[in-house]
Amino acid sequence: VLANPLRPAILAAARSSRVKRAVTGAPVTRKLVDRFVAGESRESVLAAVREILDSGRSVSIDFLGEDTRDAEGAQATVDEYLALVADLGALPEAADGTSGVRRLEVSMKLSALGQALAGDGRRIATDNARTICAAAEAAGVWVTVDAEDHTTTDSTLAIVHELRDDYPWLGAVVQSYLRRTEDDCRALAGPGSRVRLCKGAYREPESVAFQDRAAVDASYLRCLGILMEGAGYPMVASHDPAVIDAVAPLVGRTGRAADAYEHQMLFGIRDVEQRRLANEDKQVRVYVPYGSQWYAYFMRRLAERPSNLRFFLRSVVTR
Ligand code: FAD
């Protein structure tokens, strides 16, 4: 059974420019967007980051944007990440270059760095990602490459693999709704390998992805077991209580140290639970998006939870 019968329609709307105009033009949208997005400017995200760090949590900051159609757009994204990484490097939490967990991370989408550009998109995205990794390394900041739709998975994992020769701390992301992901987890569970495991947020065909919520959840737990039993650094990206409850027994059974894995959740979602875990001395990282290109990200959050959508529609209708 699908968790949200409207999910496919909302995810289709996430790619429609007509719906985009209607949604971004609606005055009430702003308030709901603010729940999930830490503002449009770097200043606003840095203020949110300060508060999260002070509460004992770590961050991964995402400059919103995806599906860049020209090289200039990709370059503008690189420039923003370089400015962001420089600002993060000036914070007292920036790592000093020694090993250990870095509390500051940026997340980036290769499609925002030019991956889909005709001709040599893959090369452009790889070079752009490398530029950001070099700056992050110097600043004491980690980087993780987000997972996008399944047509990009092979290319994205290959680029991460290539860049890990120089930046072994570069994080990969896998999505438990994809049928291939158990195999990917086995391949990615080597020493030092940072892997974010999430359920997956895109609309995918049955040929490549489980459609049924229970199957996605079961796949998540299988993948989590593989990563926890492996030699890497699992990043458990989920708000699901069943997933969070499964972590402690796995950590106990595999003898994993407290600094050898982390929980991750999205900005604005289950904040109380994030703080509870952090207060129990668990490592918690908050994924914090900012920027003006929030539309697709926002629609994916609406699609995940019927009550978000109801809240949104009610505010539009009752104005
Ligand atoms: P669900 O079963 O969807 O939700 C469990 C519970 O969490 C819900 O009952 C509810 O209480 C709460 N919850 C979940 N979503 C919402 C919401 N939108 N609003 C309010 N409450 C909610 N997906 C990708 O495809 N690629 C990525 O690179 C990626 N990176 C991510 C990074 C992080 C740190 C996180 C946390 C998620 C990421 N995702 C990514 C999204 C992920 O794939 C899921 O779509 C999303 O996390 C919802 O799945 P869930 O595991 O929280 O479980």
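Only the coordinates and a few stated rules stand behind these numbers; no lab work does. Since the structure is predicted, the reported quantities are computational estimates derived from the model, not experimental observations. Here the Cβ is made from the backbone with ideal geometry for all residues, glycine too, and neighbour counts use every protein chain on show.
Table for the structure above
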read-out	value
Amide H contacts under 5 Å for residue 264, placed H, 5+ residues apart	236, 237, 238, 285
For segment 38-293: relative contact order, % (alpha-carbon pairs under 8 angstrom, 6 or more apart)	22 percent
Cut-off 11 Å between beta-carbons: net charge of the residues surrounding residue 141, Lys and Arg +1, Asp and Glu -1	-2
Interchain or long-range residues, amide H under 5 Å from residue 103's placed H	95
Magnitude of the charge dipole, the chain, Cβ model with Lys/Arg +1 and Asp/Glu -1, debye to 20	1360 debye
Cα-based Lys proximity count in the chain, under 24 Å, for pairs eight or more positions apart or on separate chains	4
Potential extension, residue 35-residue 131 segment - 0.36 nm per residue separation minus Cα distance	31.4 nm
Net lengthening on full extension, residue 165/residue 43 (0.36 nm per residue, minus Cα-Cα)	40.6 nm
At R0 = 25 Å, FRET efficiency that the Cβ-Cβ distance of residue 17 and residue 75 yields, to 0.05	0.60
Label-point separation, residue 281 to residue 248 (7 Å along Cα→Cβ), nm	1.4 nm
3J(HN,Hα) from dihedral phi, segment 31-42, Karplus parametrisation 6.51/-1.76/1.60, rounded to Hz, x for glycine, proline	5, 6, 4, 4, 5, 10, 10, 8, x, 9, 9, 5
Cα-based convex hull, the chain, per residue volume (Å³, whole number)	130 Å³
Spin-label pair residue 307/residue 67, simplified geometry with 7 Å Cα→Cβ offset, distance in nm	3.0 nm
Potential lengthening between residue 51 and residue 207 on full extension [0.36 nm per residue; Cα-Cα distance subtracted]	51.9 nm
Net dipole in debye of segment 1-151 [+1 Lys, Arg Cβ; -1 Asp, Glu Cβ; about Cα centre; nearest 20]	720 debye
